[in-house]
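Remarks on the structure that follows.
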Amino acid sequence: MRSKAFGVALLMAASAAYAQQDIRYVVTPLNDGIGDTLTGTITTDGNLGVLQGSDIVSFQFTYDLTAAATIDDKTPTPDFGTWGSSDPTSVVVQALAGMPTGVDATATALTYVGGGNLFFVASTNTSLYPNHAYTFFGSLDEFGDIRGLEQTGVGAPSPIATVPEIDPTSAASVLTLLVGGLVVLRGRRPQHLSA
C-alpha cells in the first residue's frame, strides 16, 4: 500500500512539474543569402497562445555579420558575437512597453501571426542606437551588430523557432512519470497468501 501511495505522489509531482515547465525554443537559423547568420534560443514561461513580452523568461543569440554592408561602409569590430538575457542591459522591448508580440506559442513552435513584433535589444540606452545588438521578429526578421552599425534582414521564417524533440528537462519528466507508473502498477499486483 505504501508503494502505491508513493507512486501516485510521484506521478502527481511529475505532472505538476511538467505543467509549469518553461519551454525552450531553438530559433530557426536566419541567413540573408550572402553569409550573415543568426542562431539562438528563446525560453518562455510555458504560456501558450499569443505571447506577451513578459512571457519571455530568457534568450540568447549568436550572430555573424561579416558579409553585411555597414551603414558607414567601414568594417565593424566585432562582426560576430553572442548576447542575451544574461547580459544585464538586455531586454525584450515588448515586456517594457506592454505591447503585443504578434507571436503565437504552441508546445512545439513559435510562429509570427501579425499584430505586433518581438524585439530584443542588448541595451535600453537609446544613445547607442543602432550601435547595439538587436534581433527583431515580425513580417521581416532583422538583426544587427553591437558596434559595427551593421544590419541585415530576411523574410520571416515560419515557424520562427521550434522545440527540440527531446530536451533534458522533458527527458527527466518522462523518466519520473515512467518510474511512478511502474511503482503504481507494481503496487497493484495481486498478493498471494501462503497457507
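Descriptive notes on the structure:
- Strands (runs of 3 or more DSSP E) (entirely within region 100-158) containing at least 1 residues that are among the small types (Gly, Ala, Ser) and either surrounded by 15 or more Cβ atoms within 10 Å (Cβ to Cβ) or modelled with pLDDT of 80 or more (or both): 100-105, 109-112, 140-144, 151-155
- All of (1) under 23 Å from ARG24 (Cβ atoms); (2) modelled with pLDDT of 85 or more hold for ASP87 with one exception: (2).
- Taking region 91-111 as the range and being among the hydroxyl-bearing types (Ser, Thr, Tyr), under 26 Å from ASP36 (Cα atoms) and either out of contact with any Gly (no Cβ under 6 Å at 6 or more places or on another chain) or without any contact (Cβ under 8 Å) to a residue 40 or more places away in the chain (or both) as the test, only THR111 passes.
The values are calculated or read from the model by the stated rules, or taken from the named source; none is laboratory data. Keep in mind that what you see is a predicted model, and the values were worked out from it rather than measured. Positions of Cβ are backbone-derived with ideal geometry, glycine not excepted, and every protein chain shown enters the neighbour counts.
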